[in-house]
Amino acid sequence: MKAPTPKVRFSEAEKLLDYGFSNYSYKSFANSGDVLKSVYVDKGVHSNVNAVFESPSGTLLKKGEDKNIEEIINIQDNISAPISKGQKLGEISYVLNGETIGKANLIAESDVKKIGIWTFMERLFFSWFNILR
């Protein structure tokens, strides 16, 4: 910062930027709204809901280190309806050499209402009908 002349100061800043761009890169893990997986929903009108990323996820890494990243997905096994759009279903963590380098929330892509007695009876009737056909 306290260079004797502006020319020296800009030269040092240029060296610093060249070092950063040649040795580091941004690794994007996912964008907002990307589907990670489909999750089973118990007692719902729909049997599955997509788990999507709540926000964009990424980090700055040394070049070549992106091959050693582990994904740790933490989603509840038994999710019961009702589920509202945007409800948190779990989270995903990105780990490099034992150190967490990024986290993102996984949310429901759509609403899943709880199954009612009439919908249950309708499903049961059509299941029996399909078996008898």
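The values are calculated or read from the model by the stated rules, or taken from the named source; none is laboratory data. Because the structure is a prediction, the values reported are computed rather than measured. Cβ atoms come from the backbone with ideal geometry, glycine included; neighbour counts cover every protein chain shown.
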(message) So if I check each of Lys2, Lys7, which one is over 28 Å from Glu122 (Cβ atoms) and part of a loop (DSSP other than H, G, I, E, B)?
(response) Lys2
(message) Can you find a residue that is farther than 24 Å from Asp111 by Cβ, part of a helix (DSSP H, G or I) and of a type outside the set (A, V, I, L, M) anywhere in region 67-74?
(response) yes
(request) Kindly check whether there is at least one residue in region 1-12 that is aliphatic (A, V, I, L, M), out of contact with any Phe, Trp or Tyr (no Cβ under 9 Å at 6 or more places or on another chain) and either over 29 Å from Ile101 (Cα atoms) or surrounded by fewer than 12 Cβ atoms within 10 Å (Cβ to Cβ) (or both). (result) yes
(request) Taking the options Trp128, Trp118, name whichever one is among the aromatic types (Phe, Trp, Tyr), over 18 Å from Asp42 (Cα atoms) and not in a loop (DSSP other than H, G, I, E, B). (result) Trp128
(request) Working carefully through the options Lys2, Lys37, Lys67, find the one that is closer than 18 Å to Gly90 by Cα and of a type in the set (Lys, Arg). (result) Lys37
(request) Could you list all residues from region 53-102 that are over 23 Å from Val41 (Cα atoms), among the aliphatic types (A, V, I, L, M) and loosely packed, with under 13 Cβ neighbours inside 10 Å? (result) Leu60
(request) Exactly one condition in (1) touching a strand residue (DSSP E or B) at 6+ places or on another chain (Cβ under 7 Å); (2) at pLDDT 90 or above; (3) of a type in the set (A, V, I, L, M, F, W, C) is not met by Val45; state its number. (result) (2)
(message) Take Ile92 and tell me if it is among the hydrophobic types (A, V, I, L, M, F, W, C), over 12 Å from Val49 (Cβ atoms), out of contact with any helix residue (DSSP H, G or I) (no Cβ under 9 Å at 6 or more places or on another chain) and at pLDDT 95 or above.
(response) yes
(message) Take the residues in region 103-133 that are charged (D, E, K, R) and over 14 Å from the mean Cα position of the chain (by Cα); name whichever of them is surrounded by the most Cβ atoms within 10 Å (Cβ to Cβ).
(response) Asp111
(request) Collect the residues in region 9-34 that are within 22 Å of Lys67 (Cα to Cα) and under 21 Å from the mean Cα position of the chain (by Cα), keeping them in residue-number order. (result) Ser25, Tyr26, Lys27, Ser28, Phe29, Ala30, Asn31, Asp34
(request) State whether the residues of region 34-47 include one that is free of Cβ contacts under 8 Å to residues at least 24 places away in the same chain, polar (S, T, N, Q), loosely packed, with under 15 Cβ neighbours inside 10 Å and not in a loop (DSSP other than H, G, I, E, B). (result) yes
